[in-house]
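Enquirer: This is the structure, below, for whatever I ask next.
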Amino acid sequence: GENVEQHPSTLSVQEGDSAVIKCTYSDSASNYFPWYKQELGKRPQLIIDIRSNVGEKKDQRIAVTLNKTAKHFSLHITETQPEDSAVYFCAATLREGGADGLTFGKGTHLIIQP
Amino acid sequence: DTAVSQTPKYLVTQMGNDKSIKCEQNLGHDTMYWYKQDSKKFLKIMFSYNNKELIINETVPNRFSPKSPDKAHLNLHINSLELGDSAVYFCASSQQGTTGELFFGEGSRLTVL
């Protein structure tokens, strides 16, 4: 099965600085890589995703990059704000749109320092 | 208009008891899941059901038994609860053939004393 590694486990940045979270996956057949944000006491929610036929995707202050050769993908948040504080999870799936569900990384606790 | 709803939100019980968590989705999705989130926030899939049929059953003790009466409902029954079962259990749904985005319920926090 798929195995997803995520680093760092905790990341503290000054408000306004950028944050980068990195993930690697094990199965080269994986083709869909979403990122979820979980605020304290809330449910995980999708913030951005990328498919295997795309190298980069951007949505306002967040962007994801994918390197299929190296089997790693990253989340970039620019101009961080207090509301960005949360736990972020990367995930991968072997079959986009299938019933296999997502394999999640262990999460990164992002702390935005005022 | 909650998309994925689960009850109860909080559950406190004694070791050895049996408890159930219910989940319902009104998104018309054909796949539903149970995920367990432990104290370290690790999200791990337990079960996946597609149109009432079990697709995935990860290495979960057989004290955990999912039941899907129809494709909009997926319940989780846990027998002989143990201290290590304390966690937040998330129900989720997705639609096959689309992006695979998971829509999560609010979670059910189970505390076993």
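Enquirer: In whole angstrom, note down how far apart the Cα centers of region B:14-34 and region A:1-23 are.
Expert: Going from one Cα centre to the other spans 30 Å.
Enquirer: Follow-up question, since we're still on this one. Among A:Thr80, A:Leu94, A:Ser9, whose Cα lies farthest out toward the positive end of the dipole of chain A, if unit charges sit on the beta carbon of Lys, Arg (+1) and Asp, Glu (-1)?
Expert: Toward the positive end, the furthest listed residue is A:Leu94.
Enquirer: In addition: With springs only between Cα atoms under 10 Å, which of B:Ser39, B:Ser48, B:Ser86 fluctuates most in a Gaussian network model of chain B?
Expert: Looking only at B:Ser39, B:Ser48, B:Ser86, the largest GNM fluctuation is found for B:Ser39.
Enquirer: Which whole number gives the average count of other chain Cβ atoms within 10 Å of the Cβ atoms across peptide A:43-52?
Expert: On the way: counts 13, 10, 4, 6, 0, 0, 3, 0, 2, 0.
Taking the mean over all residues of the peptide, I get 4.
Enquirer: Further question on the same structure: Straight-line reach from A:Lys68: which aspartates and glutamates have a Cα under 18 Å away, not including same-chain ones fewer than 8 places off?
Expert: By straight Cα distance, A:Lys68 reaches A:Glu2, A:Glu5, A:Asp27, A:Asp49, A:Glu56, A:Glu96.
Enquirer: Same structure again: Rounded to the nearest whole Å², what accessible area per residue is found for chain B with the 1.4 Å probe?
Expert: Numbers: 5550 Å² over 113 residues.
So chain B comes to 49 Å² accessible per residue, rounded to a whole number.
Enquirer: Karplus couplings for region B:22-38 from phi (6.51 cos²θ - 1.76 cosθ + 1.60, θ = phi - 60°), rounded to Hz, Gly and Pro as x?
Expert: So the J values, rounded to whole Hz, are 10, 9, 9, 10, 10, 8, x, 6, 9, 10, 10, 9, 10, 10, 10, 10, 7.
Enquirer: Between region A:39-96 and region B:71-113, what's the alpha-carbon centroid distance in Å?
Expert: 23 Å
Enquirer: Turning to a different aspect of this structure: For chain B, what does the relative contact order come out to in percent, with C-alpha contacts under 8 Å and a separation of six or more?
Expert: Working: 282 pairs, mean separation 41.5, N = 113.
Here the relative contact order equals 37 percent.
Enquirer: If you put +1 on each Lys and Arg Cβ and -1 on each Asp and Glu Cβ, how big is the dipole of chain A around its Cα centre, in Debye rounded to 20? List each step's numbers first, then the result.
Expert: Values: 12 positive and 14 negative charges, 47 e Å.
The dipole magnitude comes to about 220 debye.
Enquirer: Follow-up. As a test of understanding, state the convex hull volume per residue of the protein assembly as shown from its alpha carbons, in Å³. Before the final figure, lay out each step's value.
Expert: Values: hull volume 27.6 nm³, N = 227.
That works out to 122 Å³ per residue.
Enquirer: With the alpha-carbon atoms as the only input, what is the per residue convex hull volume for region B:1-104 in Å³?
Expert: Values: hull volume 10.6 nm³, N = 104.
Output value, Cα hull per residue: 102 Å³.
Enquirer: Compute the convex hull volume of the Cα atoms of region A:33-114, divide it by the residue count, and report the result per residue in Å³ as a whole number.
Expert: Numbers: hull volume 8.6 nm³, N = 82.
Cα convex hull per residue, to the nearest whole number: 105 Å³.
Enquirer: Could you work out which residue, out of B:Thr59, B:Thr31, B:Thr13, moves most in a Gaussian network model of chain B, that is, has the largest mean-square fluctuation with Cα springs under 10 Å?
Expert: B:Thr59
Enquirer: Report the A-B buried area as the accessible area lost on both sides summed, probe 1.4 Å, in Å² to the nearest 100.
Expert: Working: alone 6450 and 6430 Å², together 11040 Å².
Roughly 1800 Å².
Enquirer: Still on this structure: Taking the full set of protein chains and a 1.4 angstrom probe, give the accessible area of B:Leu102 in square angstrom, rounded to the nearest 10.
Expert: Accessible area, nearest 10 Å²: 0 Å².
Enquirer: Can I ask one more? Taking B:Lys67 as the anchor, which lysines have their alpha carbon closer than 20 Å to its alpha carbon, excluding any fewer than eight residues away along the same chain?
Expert: Partners within reach: B:Lys9, B:Lys19, B:Lys22, B:Lys36, B:Lys44, B:Lys52.
Enquirer: At 1.4 Å probe size, with the rest of the protein present, what percent of the exposed accessible area of the protein assembly as shown is carbon and sulfur atoms?
Expert: Working: 5240 of 11040 Å².
Carbon and sulfur atoms account for 47 percent of the accessible area of the protein assembly as shown.
Enquirer: Moving to a separate point now. Each residue of region B:77-82 in turn: what ³J(HN,Hα) in whole Hz from Karplus with 6.51, -1.76, 1.60 and θ = phi - 60°, glycine and Pro shown as x?
Expert: 10, 10, 9, 6, 4, 10
Enquirer: How large is the charge dipole for region A:37-85, taken about the Cα centre, if only the Cβ atoms of Lys, Arg (+1) and Asp, Glu (-1) carry charge, to the nearest 20 debye?
Expert: Values: 9 positive and 7 negative charges, 61 e Å.
The calculation lands at about 300 debye.
Enquirer: Run the 1.4 Å probe and let me know the accessible area of B:Met15, rounded to the nearest 10 Å².
Expert: B:Met15 exposes around 110 Å² with every protein chain in place.
Enquirer: Now for a different question. Residue by residue, what Karplus-based ³J(HN,Hα) values in Hz, rounded to whole numbers, does region A:107-113 have, using 6.51, -1.76 and 1.60 with θ = phi - 60° and x for Gly and Pro?
Expert: Along region A:107-113, the couplings run x, 10, 8, 8, 10, 9, 7 Hz.
The values are calculated or read from the model by the stated rules, or taken from the named source; none is laboratory data. From a predicted model like this one, the values you see are computed outputs, not experimental measurements. Positions of Cβ are generated from backbone atoms using ideal geometry, with glycine treated the same way; all protein chains shown enter the neighbour counts. These accessible areas exclude ligands, DNA and RNA; they are computed on the full protein's heavy atoms, side chains included. Shrake-Rupley method; radii C 1.70, N 1.55, O 1.52, S 1.80 Å.
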